[in-house]
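Participant: Mind having a look at this structure? Questions to follow.
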Amino acid sequence: MKLITSKDNPLFKDLKQLASSSQARRRAGQSLLDGVHLAQAWLQYRDAPQLCVVAEGAQYHPEVAPILARSEALGAQCLVLADKLYDAISTVENGVGLFLLVMTPQAVAPQSLRDSAVLLDGLQDPGNLGSILRSAAAAGVTQVFCSPGTAAAWSPKVLRAGMGAHFVLDIFENVDLVALCAASRIPLLATSSHAAQTIYDCDLSGPVAWLLGHEGQGVSPALQEAATQEVVIPHLGQMESLNVAAAAAVCLFEQLRQRTLGR
């Protein structure tokens, strides 16, 4: 494998820019998957990476060797960075020392909703977004639509929080959610503390779309109006509402429960 030791190396410069700039990643249509877990998940569910990059001190690590071998077998270029150069790129503290460079998947967005989906309106926190993606994947919901202003789904922080969920989902960004809802053929459910019906009383046995909004402001008025139904998650205590990622998990797994066990 090629060893890069100079910070003036053009490939190192490109990788450093991709690691530090969301605009650079969007222009290139590429994402960095930092860490063994994300690399393993990509190789399990997707195709060959463009690059497999390992820190010089990690190239013989027992978790790294199978990833290098699999990447090489798929025809990916593998290279070694001097440890100082690798540390200048990686955003993972105390990681093993490996990342993949991949083409960011670009699925063609459907014009209307027919299958269960999650619609995210202005969600800001990368941890919340990654957690919702992870819950959606675990609950068997495969389509996630993000409005303009929602956190970048393929950013390093969201990828780490998603724990590989990205690779089994179709994620659509910068979507006009109001137009999508207008063309929808399935129920559109928005949570509200003022709703009369609980999610447990709602029929979730068929496809539904969940509308989830900004951590502080919630779903926009236009989307709230587009919802075919508002539901509430009942809870005890003095807290006014749940964190949006927690609320999403409750809703998605109640839907899964109804679809597998019945109402």
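Participant: One quarter of the convex hull surface, Cα atoms only: what value does that give for the chain in nm²?
Facilitator: For the chain, the mean projected area of the Cα convex hull comes to 15.5 nm².
Participant: Give me the accessible area per residue for the chain, probe 1.4 Å, as a whole number in Å².
Facilitator: Averaged over the residues of the chain, the accessible area is 49 Å².
Participant: For the chain, take the longest principal axis of its alpha carbons; what is the angle in degrees between that and the long axis of helix 10-20, to the nearest 10 within 0 to 90?
Facilitator: 30
Participant: About its Cα centre, what dipole magnitude does the stretch 58-135 give when the only charges are +1 on Lys and Arg Cβ and -1 on Asp and Glu Cβ, stated in debye to the nearest 20?
Facilitator: 220
Participant: Now for a different question. Rounded to the nearest percent, how much of the accessible area of the stretch 160-239 (1.4 Å probe, protein heavy atoms only) is carbon and sulfur?
Facilitator: Carbon and sulfur together cover 52 percent of it.
Participant: If you take every residue apart from E56 with its C-beta less than 13 Å away from the C-beta of E56, what net charge results, scoring Lys and Arg +1 and Asp and Glu -1?
Facilitator: Cβ neighbours under 13 Å give a net charge of 0.
Participant: Which three semi-axes in whole Å describe the equivalent ellipsoid of the stretch 179-263, each the square root of 5 times a Cα gyration tensor eigenvalue, listed largest first?
Facilitator: Taking √(5λ) for each eigenvalue gives 19, 18, 11 Å, largest first.
Participant: Let me ask you something else. Can you list the aspartates and glutamates whose alpha carbon is less than 20 Å from that of K16, not counting same-chain residues fewer than 8 positions off?
Facilitator: Qualifying aspartates and glutamates at Cα under 20 Å: D8, D34, E56, D83, D87, E93.
Participant: Based on DSSP H runs of at least 4 residues, each adding -39500 (n - 2.57), what is the mean residue ellipticity at 222 nm of the chain after dividing by all its residues, to the nearest 500 deg cm²/dmol?
Facilitator: -10500 deg cm²/dmol
Participant: So what's the angle, to the nearest 10 degrees on a 0 to 90 scale, between helix 64-73 and the longest Cα principal axis of the chain?
Facilitator: Value to nearest ten degrees: 90.
Participant: Moving to a separate point now. Please give the direction-averaged projected area of the C-alpha convex hull for the stretch 39-193, in square nanometres with one decimal.
Facilitator: 10.6
Participant: Run the Debye formula on the Cα coordinates of the stretch 68-125, all scatterers equal and no solvent, and tell me log10 I(q)/I(0) at q = 0.23 1/Å.
Facilitator: After summing over all Cα pairs, the log10 values are -1.03.
Participant: I've got another one for you. Grab the Cα-Cα distance for H235 and S22, subtract it from 0.36 nm times how many residues apart they are, and report the gain in nm with one decimal.
Facilitator: 72.9 nm
Participant: Out of the total accessible area of the stretch 1-89 (probe 1.4 Å, heavy atoms of protein only), what percent is carbon and sulfur?
Facilitator: Its accessible area is 48 percent carbon and sulfur atoms.
Participant: Evaluated at 10 °C with a viscosity of 1.306 mPa s, what Stokes-Einstein diffusion coefficient in µm²/s does the stretch 131-184 have when Rh comes from the Kirkwood expression over alpha-carbon pairs?
Facilitator: D = 137 µm²/s.
Participant: Give me the percent of DSSP beta bridges within the chain that run antiparallel, rounded to the nearest 5.
Facilitator: Just about 25 percent of them are antiparallel.
The values are calculated or read from the model by the stated rules, or taken from the named source; none is laboratory data. Here the structure is a predicted model, which means the values were calculated and not measured. Virtual Cβ from ideal backbone geometry, glycine too; neighbours counted across all protein chains shown. For accessibility, only protein heavy atoms count, side chains too; no ligands or nucleic acids. Shrake-Rupley method; radii C 1.70, N 1.55, O 1.52, S 1.80 Å.
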